[in-house]
Amino acid sequence: REDYVTVLMQGSGTFGVESVIQTATKYGSSKYLILENGAYGKRMGNICKLLDIPHHVESFPENRSICLKRIEDFLKQGENFTHV
């Protein structure tokens with residue numbers, strides 16, 4: 001669409017993650033559910049904390065798949081997440 005622009009980001013993986021979080025966040029109404037199973041998930045939680053973005057980190061072992069049933073059950077508790 002004509003109202004969107006692609007911007008190439010140069011930097012580390014963490015830099016890329018932070019740029020997406022800041023770009024995708026609508027401050028005052030965004031809430032993130034971070035599915036953490038390693039270093040990048042932990043960094044996402046830290047980024048949200050430093051930027052004062054409401055979030056919840058749900059942790060999983062690094063050597064296993066994320067349990068979809070656990071996420072489904074967690075989401076049924078009524079939290080209003082805008083980003084996963």
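Below 11 angstrom from the Cβ of ILE34, what's the summed charge of the other residues (Lys, Arg +1; Asp, Glu -1)?
+2
Straight-line reach from LYS49: which aspartates and glutamates have Cα under 17 Å away, leaving out those fewer than 8 places along the same chain?
Cross-link targets: GLU18, GLU36, GLU58.
DSSP loop chymotrypsin sites (Phe, Trp or Tyr not before Pro) in the chain with at most 11 other Cβ atoms within 10 Å of their Cβ, which ones?
TYR4, TYR27
Using only the alpha-carbon atoms, how far is helix 13-24 inclined from the longest principal axis of the chain? Give it as 0 to 90 degrees, nearest 10.
Rounded to the nearest ten degrees, it is 80.
Per DSSP H run of at least 4 residues, take -39500 (n - 2.57); add these up for the chain, divide by its residues and hand me the 222 nm value, nearest 500 deg cm²/dmol.
Value at 222 nm, helices only: -11500 deg cm²/dmol.
How large is the dipole of the chain about the Cα centre if only Lys and Arg carry +1 and Asp and Glu carry -1, each at its Cβ, rounded to the nearest 20 debye?
160 debye
Out of the total accessible area of the chain (probe 1.4 Å, heavy atoms of protein only), what percent is carbon and sulfur?
After summing per-atom areas, the C and S share lands at 53 percent.
May I ask you to give the average projected area over all directions of the convex hull of the Cα atoms of segment 1-72, in nm² rounded to one decimal?
6.6 nm²
Relative to the longest principal axis of the chain, what angle (0 to 90°, nearest 10) does the C-alpha long axis of helix 39-50 take?
Roughly 70 degrees, rounded to the nearest 10.
Within the chain, which is the longest segment that contains none of the GluC sites (Glu not before Pro) sitting in a DSSP loop with at most 13 other Cβ atoms within 10 Å?
Longest gap between qualifying sites, sites excluded: 3-61.
In the neighborhood of ARG43, defined by Cβ-to-Cβ distances under 10 Å, what is the net charge if each Lys or Arg adds +1 and each Asp or Glu adds -1?
-1
Hey, what did the chain get for relative contact order, percent, Cα under 8 Å, at least 6 apart?
32 percent
Let me know the longest stretch in the chain that avoids all trypsin sites (Lys or Arg not before Pro) found in a DSSP loop with at most 15 other C-beta atoms within 10 Å.
32-63
With the other protein chains left in place, how much accessible area per residue, in square angstrom, belongs to the chain at a 1.4 angstrom probe?
Each residue of the chain exposes 76 Å² on average to a 1.4 Å probe.
The values are calculated or read from the model by the stated rules, or taken from the named source; none is laboratory data. Remember, predicted model here, so these are calculated numbers, not experimental data. Virtual Cβ from ideal backbone geometry, glycine too; neighbours counted across all protein chains shown. All accessible areas refer to the heavy atoms of the entire protein, side chains included, with ligands and DNA or RNA removed. Shrake-Rupley method; radii C 1.70, N 1.55, O 1.52, S 1.80 Å.
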